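Enquirer: My questions will all concern the structure given below.
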There are 2 protein chains.
Amino acid sequence: MNMEQAKQDLMKLQEQMSAYDHAMGLISYDGETTAPKGTAANRAHALGILSEITYKISTGKETVELLEYLDAHQQDLSDREKRMVYLLIKDIRFMQKIPMEEYVEYQKLIVESQDVWYNAKLNSDFASFEPYLEKMFDYQKRFAQYAAPDMDPYDYWLNEYEAGLCKEKLDAFFGALRQRLVPLIQACGQKPQVSDDCIKGDFPEDKQEALALWLMDTMGLDRQHVGLSTTEHPFTTSLGSHLDERITTHYHRDDVSSSMFSVVHEGGHALYDTGSDEDLAYTVLDGGVSMGIHESQSRFYENILARSKAFVRFLFPKLQNLFPEQMKPYTWQDLYRAVNRVQPSLIRTEADEVTYSLHVMIRYELEKRVMAGEMTVHELPEAWNKLYHESLGVTVPDDRQGVLQDSHWSFGAIGYFPSYALGSAYGAQFLKKMRETVDVDADLEKGDFTRINQWNREHIWHFGSLLTPQEILDRTLEAPFDPNVYLDYLESKCKDVYGI
Amino acid sequence: MNMEQAKQDLMKLQEQMSAYDHAMGLISYDGETTAPKGTAANRAHALGILSEITYKISTGKETVELLEYLDAHQQDLSDREKRMVYLLIKDIRFMQKIPMEEYVEYQKLIVESQDVWYNAKLNSDFASFEPYLEKMFDYQKRFAQYAAPDMDPYDYWLNEYEAGLCKEKLDAFFGALRQRLVPLIQACGQKPQVSDDCIKGDFPEDKQEALALWLMDTMGLDRQHVGLSTTEHPFTTSLGSHLDERITTHYHRDDVSSSMFSVVHEGGHALYDTGSDEDLAYTVLDGGVSMGIHESQSRFYENILARSKAFVRFLFPKLQNLFPEQMKPYTWQDLYRAVNRVQPSLIRTEADEVTYSLHVMIRYELEKRVMAGEMTVHELPEAWNKLYHESLGVTVPDDRQGVLQDSHWSFGAIGYFPSYALGSAYGAQFLKKMRETVDVDADLEKGDFTRINQWNREHIWHFGSLLTPQEILDRTLEAPFDPNVYLDYLESKCKDVYGI
């Protein structure tokens, strides 16, 4: 092997992988958006075969030899190439430890499991989903043990979603949040209640879609490369490269805020992915580096920007224009208060910023217990309802609004949820830093995202996955990560809305 | 190699191919339905890589040796296996003769070309599409010459779309049609004009969609496995197997009949594909055998059934229900006459049954000339307009309604159009045969497709691609194919509508 050829082969390998990713990602996306409802088995068939093929490519002699050669000649590699080799080897080491049959079965299970979850949620029927969820937890435990036999399985997955993360760190992080959030929520609860009447009512779907597209344009998404569809649970996915990005939303006719903030949230993910340097396309460095940094962007746009006073002031006339009758009795201040109302509730994706992290902590707690074998999957609904009652004081009326509400577990994303809270906290510290050079409020009041996006592109997006999450934090924050910045931000918001 | 292993490998090869077909078919389908408009290059990238991989699988040593072994041991194969081996070898022999680079470039070109055609049609801008169309004709000529150097290139492609077809046969077929159609059209033209006011007006898209879904249910499509989307040009595609079928339509707000008959047409294709025997899934025998037989089904449902007096009578109350204001002044007889009005026109997909074949003949004539090098692609618009004037007496106002109207050439389907006319004629002869055992009109009047579908399933659908087109015709018709049956059918329709 010679270095020139090896470098060419490295690029070719990644291009090939990106084509399979495109195909397999699209098959899943199609399943959640367009595909007829009875076709899950047909999709599982194709994905089973394709995942067997990609498994063989990844773990095949040719690939392994190539990467070992490159790894042994690090001195001849650029920083980009070094990082590519590192990430590819990491993936392959994982794959090599999983028996192919289990890997393929798992890929097929994901398709079926999502389908079963979808129907289970519709019918609030946990029993039908339970055997699938059990398998999901089993697979994730087993895969973790294959990959890192000496590591705690849940720690393994936490570290996969955010390099460096573990239960110990998360316990400390959530502990710090809890200490200031619980009294903050109590204090808000003792104040006169804020009304959210202006966002509840009758909002026809076509108007909500027009609003969604306007928001995408406003926040600077390039709709030539970013598409919008509807799904049961909103998500974002890249197809093959950051040049084709899809976000999804879910319209609730009786609540205009749900899809609105979903679109801005997923739009934040899409800005991050599509902000990768052009020449990262079709490499493993294309798109965001970790779920923590990803959520720092999505929740930054959703909350820090879109729920800010300045942006709500800009947004209100658009809502008046689309829903004149509905908005007639209200002012932009009413809208600002409504979208910042602190109110313990049932649904994570619709929770306010202050109670949000409690939703995440509940999922973290439950995942921790099941992964540690301290609790069975069968016990999840009851435990879920109990924790919601204890932490948030709400009574879960059915599993649709309880343990079945999120899609994540249905596709095996166990250990993902903490990144939502972590990302939210990163975001608050990014804001503090951004304010040093960008007049964020002045720009938001004009609906001008140019400078804000430019700052994020420069500090975060354009790197794709070149830097580690920690490197991004270190370079951007120029200070250690401190959850108190996030808590300060939340307290100041509550002060403004509730006068506490 | 031993036979048992070889038979297993044969099935595995086909399953693998079906997974790639699923992936690549879906990438194309996504491009026409959901994908953001600026993503064609990203799709071409993925399809280029995947087509290189499938090329290598098809022409690779392993595949060739397997098929040659099976071919040499025909005595040990079932009829199904023999046919599988025959069809696979046929494909591979073709692939082997095409240089891989050209094959891959061509796959990428298709994606770009469809994208360029779409915009060219929107803007009625033939010039932008011309270089792509030129390349398409060049590729098809070259591929035909690679595959069959001793054969006329256009004959090669005609035979690909319908085994056994060639210019000589088509000239005779179209000659026979022309002889009776031209005077028939003239005779209708001399009668008092039929009004189509009842299908023109303002038909909101959501109501048209409700009608489309109702039609799909009525004609017996299983919507758990057959999806409906919208595209510039309606089409049908299977993803991986007949278990996931997609049809598309295009809603014209000012004309309710356009989408209505498109849906029934594409629905006919979908019935044929999804009617394959269950155990043909993931083999090359799954789905319809040829474009001629395919069009015999699509045009059978679209015209012979859906434009029949009996079905229109059943359909009319549904239209009254969906469009009460619009339909108020009319009776089902008005609708029957409107959808059977004989009127030379510009757009093939919206043409009546009688003038339809003339649209096909024009495309046949032009393809013949360009493929023979008697005409350049640059000259196509002028020649198109001239032929429309001569044959149909209509003046083409712009290329959008002229040479750019159909998508077929944009994805290289040259030699496809004649199957529309041929299929229509097959269909009329199928009807004659079906009437021997099924009271078609009585069933249509009740909107009951059970027996009609059963007959088609038994005689045509369930075989998938097991029988050749000629075998299907021979077994089903129990008589030679005779275009006069089709012409008799059309004359009798005109007699009924125009009293001639």
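The values are calculated or read from the model by the stated rules, or taken from the named source; none is laboratory data. Bear in mind the structure is a predicted one, so any value in this text is a computation, not a measurement. Using ideal geometry, Cβ is built from the backbone for each residue, glycine included, and neighbour counts are taken over all protein chains shown. For the accessible areas, the whole protein counts, side chains as well, though only heavy atoms, and no ligand, DNA or RNA atoms are used. Shrake-Rupley method; radii C 1.70, N 1.55, O 1.52, S 1.80 Å.
Enquirer: Go through B:D21, B:D9 for me and flag whichever is more than 11 Å from every other protein chain (Cβ to nearest Cβ), part of a helix (DSSP H, G or I) and under 20 Å from A:S51 (Cα atoms).
Expert: B:D9 is the lone residue from the list that is more than 11 Å from every other protein chain (Cβ to nearest Cβ), part of a helix (DSSP H, G or I) and under 20 Å from A:S51 (Cα atoms).
Enquirer: In addition: Restricting region A:319-329 to residues that are open to solvent by 60 Å² or more (accessible area, probe 1.4 Å) and touching a helix residue (DSSP H, G or I) at 6+ places or on another chain (Cβ under 9 Å), which is farthest from A:G201 (Cα to Cα)? Write out each step before concluding.
Expert: Of the residues in region A:319-329, the ones open to solvent by 60 Å² or more (accessible area, probe 1.4 Å) are A:320-321, A:324-325, A:328-329.
Still in the list and also touching a helix residue (DSSP H, G or I) at 6+ places or on another chain (Cβ under 9 Å): A:320-321, A:328-329.
Working: A:Q320: 14, A:N321: 16, A:K328: 12, A:P329: 13 Å.
Per the criteria, the residue is A:N321.
Enquirer: On to the next question. So, of the residues in region A:200-215 that are touching a strand residue (DSSP E or B) at 6+ places or on another chain (Cβ under 7 Å) and closer than 25 Å to B:E205 by Cα, which turns out to be nearest to the other protein chains (Cβ to nearest Cβ)?
Expert: So the residue we want is A:L213.
Enquirer: Take A:T230 and decide whether it is under 28 Å from B:A40 (Cα atoms), of a type in the set (V, I, T), open to solvent by 20 Å² or more (accessible area, probe 1.4 Å) and more than 12 Å from every other protein chain (Cβ to nearest Cβ).
Expert: Here the answer is no, as A:T230 does not meet what is asked.
Enquirer: Looking only at region A:425-445, count how many residues are closer than 30 Å to A:K368 by Cα and either of a type outside the set (G, A, S) or open to solvent by 10 Å² or more (accessible area, probe 1.4 Å) (or both).
Expert: The number of residues fulfilling the criteria is 3.
Enquirer: Considering each of B:Q114, B:Q96, B:Q107 in turn, give the residue that is of a type outside the set (D, E), within 30 Å of B:S229 (Cα to Cα), away from every other protein chain (no Cβ under 14 Å) and in contact with a Ser or Thr (Cβ under 7 Å, 6 or more places away or on another chain). Before you say what the answer is, go through the steps one by one.
Expert: On the way: B:Q96 fails: within 30 Å of B:S229 (Cα to Cα); B:Q107 fails: away from every other protein chain (no Cβ under 14 Å).
Going through B:Q114, B:Q96, B:Q107 in turn, the sole match is B:Q114.
Enquirer: Please go through (1) farther than 16 Å from A:E245 by Cα; (2) among the charged types (D, E, K, R); (3) not in a helix (DSSP H, G or I) for A:E302 and return the number of the only condition it doesn't satisfy.
Expert: With respect to (1) farther than 16 Å from A:E245 by Cα; (2) among the charged types (D, E, K, R); (3) not in a helix (DSSP H, G or I), A:E302 is out only on (3).
Enquirer: I'd like the residue in region B:237-260 that is away from chain A (no Cβ under 11 Å) and free of Cβ contacts under 8 Å to residues at least 60 places away in the same chain and, out of all such residues, is most open to solvent (accessible area, probe 1.4 Å).
Expert: Filtering first and then ranking leaves B:R253.
Enquirer: Next up: So which residues in region A:24-37 are more than 7 Å from every other protein chain (Cβ to nearest Cβ) and touching a Gly at 6+ places or on another chain (Cβ under 8 Å)?
Expert: Listed by number, the list holds a single entry, A:G25.
Enquirer: If B:T395 satisfies every condition in (1) more than 23 Å from B:D155 (Cβ to Cβ); (2) polar (S, T, N, Q); (3) part of a helix (DSSP H, G or I) but one, which is the exception?
Expert: (3)
Enquirer: I'm told B:V284 meets every condition in (1) within 14 Å of chain A (Cβ to nearest Cβ); (2) open to solvent by 10 Å² or more (accessible area, probe 1.4 Å) except one. Can you identify the failing condition by its number?
Expert: All conditions pass for B:V284, except number (1).
Enquirer: Out of B:M84, B:M11, report the one residue that is at pLDDT 95 or above and open to solvent by less than 50 Å² (accessible area, probe 1.4 Å). Steps first, answer last, please.
Expert: Values: B:M11 fails: open to solvent by less than 50 Å² (accessible area, probe 1.4 Å).
Just one listed residue meets the conditions, B:M84.
Enquirer: Moving on to the next point. Does A:D474 satisfy being open to solvent by 70 Å² or more (accessible area, probe 1.4 Å), outside any loop (DSSP other than H, G, I, E, B) and touching a Lys or Arg at 6+ places or on another chain (Cβ under 8 Å)?
Expert: So A:D474 fails the test.
Enquirer: Now, a different point. Which residues, taken from region A:42-52, are of a type in the set (A, V, I, L, M) and more than 7 Å from chain B (Cβ to nearest Cβ)?
Expert: Residues of region A:42-52 that are of a type in the set (A, V, I, L, M), as a first pass: A:44, A:46-47, A:49-50.
Answer for region A:42-52, where residues must be of a type in the set (A, V, I, L, M) and more than 7 Å from chain B (Cβ to nearest Cβ): A:A44, A:L47.
Enquirer: Can you tell me which of (1) open to solvent by 20 Å² or more (accessible area, probe 1.4 Å); (2) closer than 24 Å to B:D217 by Cβ; (3) in a helix (DSSP H, G or I) is the one B:D448 doesn't meet?
Expert: (3)
Enquirer: Just give me the residues in region A:458-471 being under 14 Å from A:G287 (Cβ atoms) and open to solvent by 40 Å² or more (accessible area, probe 1.4 Å), in sequence order.
Expert: Across region A:458-471, the qualifying residues are A:H462, A:L466.
Enquirer: Among the residues of region A:339-367, which ones are surrounded by fewer than 21 Cβ atoms within 10 Å (Cβ to Cβ) and among the small types (G, A, S)?
Expert: The answer is A:S345, A:A351.
Enquirer: Taking into account only those residues within region A:204-226 that are touching a Lys or Arg at 6+ places or on another chain (Cβ under 8 Å), over 16 Å from A:V264 (Cβ atoms) and of a type outside the set (D, E, K, R), which is least open to solvent (accessible area, probe 1.4 Å)?
Expert: Per the stated criteria, the residue is A:P204.
Enquirer: Scan region A:1-36 for residues that are without any contact (Cβ under 8 Å) to a residue 12 or more places away in the chain and among the basic types (K, R) and report the count.
Expert: The number of residues fulfilling the criteria is 1.
Enquirer: Can you confirm whether A:T376 is of a type in the set (V, I, T) and under 23 Å from A:Y251 (Cα atoms)? Give the derivation first.
Expert: Numbers: of a type in the set (V, I, T): yes; under 23 Å from A:Y251 (Cα atoms): no.
Judged against the criteria, A:T376 is not a match.
Enquirer: Right, another one. Could you please give the count of residues in region A:183-202 that are open to solvent by 70 Å² or more (accessible area, probe 1.4 Å) and not in a helix (DSSP H, G or I)? Steps first, please.
Expert: Start the filter on region A:183-202 by keeping residues that are open to solvent by 70 Å² or more (accessible area, probe 1.4 Å), which leaves A:186, A:190-193, A:197, A:200, A:202.
Narrowing further to those that are not in a helix (DSSP H, G or I): A:191-193, A:200, A:202.
Residues in region A:183-202 being open to solvent by 70 Å² or more (accessible area, probe 1.4 Å) and not in a helix (DSSP H, G or I): 5 in total.
Enquirer: May I ask you to verify whether A:L319 is more than 25 Å from A:R435 (Cα to Cα) and in a helix (DSSP H, G or I)?
Expert: yes
Enquirer: Is there a residue in region A:53-76 that is part of a helix (DSSP H, G or I), within 12 Å of chain B (Cβ to nearest Cβ) and open to solvent by less than 30 Å² (accessible area, probe 1.4 Å)? Please lay out each step first, then the result.
Expert: Residues of region A:53-76 part of a helix (DSSP H, G or I): A:53-59, A:61-72, A:74-76.
After this cut, where a residue has to be within 12 Å of chain B (Cβ to nearest Cβ) as well, the list is A:53-54, A:56-57.
Going one step further and asking which of them are open to solvent by less than 30 Å² (accessible area, probe 1.4 Å), we end up with A:53-54.
Looking through region A:53-76, at least one residue is part of a helix (DSSP H, G or I), within 12 Å of chain B (Cβ to nearest Cβ) and open to solvent by less than 30 Å² (accessible area, probe 1.4 Å).
Enquirer: Something else now. What number goes with the only condition from (1) more than 18 Å from A:S298 (Cβ to Cβ); (2) hydroxyl-bearing (S, T, Y); (3) in contact with a strand residue (DSSP E or B) (Cβ under 8 Å, 6 or more places away or on another chain) that A:S259 does not pass?
Expert: Going through (1) more than 18 Å from A:S298 (Cβ to Cβ); (2) hydroxyl-bearing (S, T, Y); (3) in contact with a strand residue (DSSP E or B) (Cβ under 8 Å, 6 or more places away or on another chain) one by one, A:S259 breaks only (1).
So that you can scan it fast, the table gives a plain yes or no per residue for (1) of a type outside the set (S, T, N, Q); (2) within 29 Å of A:V263 (Cα to Cα):
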| position | (1), (2) |
| --- | --- |
| A:N159 | no, yes |
| A:R180 | yes, no |
| A:G189 | yes, yes |
| A:Q193 | no, yes |
| A:I199 | yes, yes |
| A:F203 | yes, yes |
| A:M216 | yes, yes |
| A:M219 | yes, yes |
